[in-house]
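Enquirer: To start, I am sharing the structure in question, which I have written as structure tokens.
Derivation of every value follows stated rules applied to the coordinates shown; laboratory data play no part. A quick note: this is a predicted structure, and the numbers were derived from the prediction, not measured. Please note: Cβ atoms are built from the backbone with ideal geometry, for glycine as well, and neighbour counts cover all protein chains shown.
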Amino acid sequence: MVSPAKRAKKPNPFWQLRTAVIAVIVLLIVWFIAAFALDQRLAFLPGTTSQEHRLFEASCSSCHESFKPVSNETCMRCHEAEMAKDAHGAKKFGDPRWAELLQKIDVLTCTACHEEHVPMFGRGVHLKPDLCMNCHEGIINGDLASHNGFTPDGCWTAGCHNFHDHRSISTGFLRKNMDQPDMLPKPELPALKVTTKLTEPPKPDLEKEFLGGKS
């Protein structure tokens, strides 16, 4: 028979667990305060930033407002010019005929395809390369003879299609440019005019970002 004295010395698993939980919470609080004090915002990144956005990953307020989700309006601060002729934009999917397709991918929301700090498949897109098949699976399964047998990720990997602007492979464009050489004598990028709304990068202020203020 175990004496009362020995029974009292036996550690209580509940108290051990509670002590461990409290210790972890204290460490997290200390880490959080230290990050605030030293303005080490990279410590709060939930994952890797895409290559395209890595330039300003330390400026959280460039994309984030407090703890709110990133909005389309935020993305347009930088991408408005290149999205001016978006072929898959609101003009198309505002049509109720395509409402069912929006249940598969809400393409009216930038972050449906371009969510940050998660594993990327390239081009700033986190969805798998066969993402086009959510709506266009029939094209490789008999609806379009020229595409029979193509792989599901072919739209992405073959380099033919750009989700936001595929005018360059439309039949109208091809007919208009059939007499043009395959390559221009001097390849040139089209002029892209971008009007910025900020004259300088936002000043880092971790306290404002986490407490709801705007930088």
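Enquirer: Could you go through region 78-89 in sequence order and give the Karplus-derived ³J(HN,Hα) for each residue, using 6.51 cos²θ - 1.76 cosθ + 1.60 with θ = phi - 60°, rounded to whole Hz, and x for Gly and Pro?
Expert: 10, 10, 4, 5, 6, 9, 4, 10, 4, 6, 10, x
Enquirer: What ranking of Trp156, Trp31 emerges when the number of other C-beta atoms within 10 Å of each C-beta is taken as an exposure proxy, fewest first? Intermediate results must be reported in sequence, preceding the final value.
Expert: Working: Trp156 22, Trp31 12.
Sorted ascending by nearby Cβ count, the order is Trp31, Trp156.
Enquirer: Next question. What are the ³J(HN,Hα) values, in whole Hz, obtained from phi via the Karplus relation 6.51 cos²θ - 1.76 cosθ + 1.60 with θ = phi - 60°, for each residue of region 115-124 in sequence order, with x given for Gly and Pro?
Expert: Result, rounded to whole Hz: 7, 8, 6, 10, x, 10, 9, x, 6, x.
Enquirer: Also, quick follow-up: With unit charges on the beta carbon (Lys/Arg positive, Asp/Glu negative), name the residue among Phe121, Cys135, Phe150 whose Cα is farthest towards the positive pole of the charge dipole of region 12-168.
Expert: With unit charges placed on the Cβ atoms, the residue in question is Phe121.
Enquirer: If Rh is defined by the Kirkwood formula over all Cα pairs and Rg also comes from Cα, what ratio Rg/Rh do you get for region 128-178? Can you show the working numbers first?
Expert: On the way: Rg = 11.6 Å, Rh = 11.7 Å.
Using Cα coordinates only, the ratio equals 0.98.
Enquirer: Another question, then. What residues have an amide H closer than 5 Å to that of Cys132, excluding those fewer than 5 places away on the same chain, when H is modeled at 1.01 Å from N in the peptide plane?
Expert: So Cys132 has HN proximity to no qualifying residue.
Enquirer: Which net charge results for the neighbourhood of Pro152, defined as the other residues with beta-carbon distances under 11 angstrom from its beta-carbon, given Lys and Arg at +1 and Asp and Glu at -1? The partial results should precede the final answer.
Expert: Numbers: positive: Lys128; negative: Asp130, Glu137, Asp153.
Counting the neighbours of Pro152, the net charge comes to -2.
Enquirer: Per residue of region 177-194, what does 6.51 cos²θ - 1.76 cosθ + 1.60 with θ = phi - 60° give for ³J(HN,Hα)? Whole Hz please, x for Gly and Pro, Karplus curve as stated.
Expert: Calculated HN-Hα couplings, in order: 10, 4, 8, 7, x, 4, 10, 5, x, 10, x, 9, 7, x, 5, 10, 9, 10 Hz.
Enquirer: Nearest 20 debye, what's the magnitude of the dipole of region 46-127 about its Cα centre given +1 on Lys and Arg Cβ and -1 on Asp and Glu Cβ?
Expert: The calculation lands at about 180 debye.
Enquirer: Something else: Once Rh is set to the Kirkwood radius over Cα pairs, what Stokes-Einstein translational diffusion coefficient, in µm²/s, holds for region 59-164 at a temperature of 20 °C and a viscosity of 1.002 mPa s? Could the numbers behind the result be given before it?
Expert: Numbers: Rh = 15.5 Å.
Using the Kirkwood radius from Cα pairs, D works out to 138 µm²/s.
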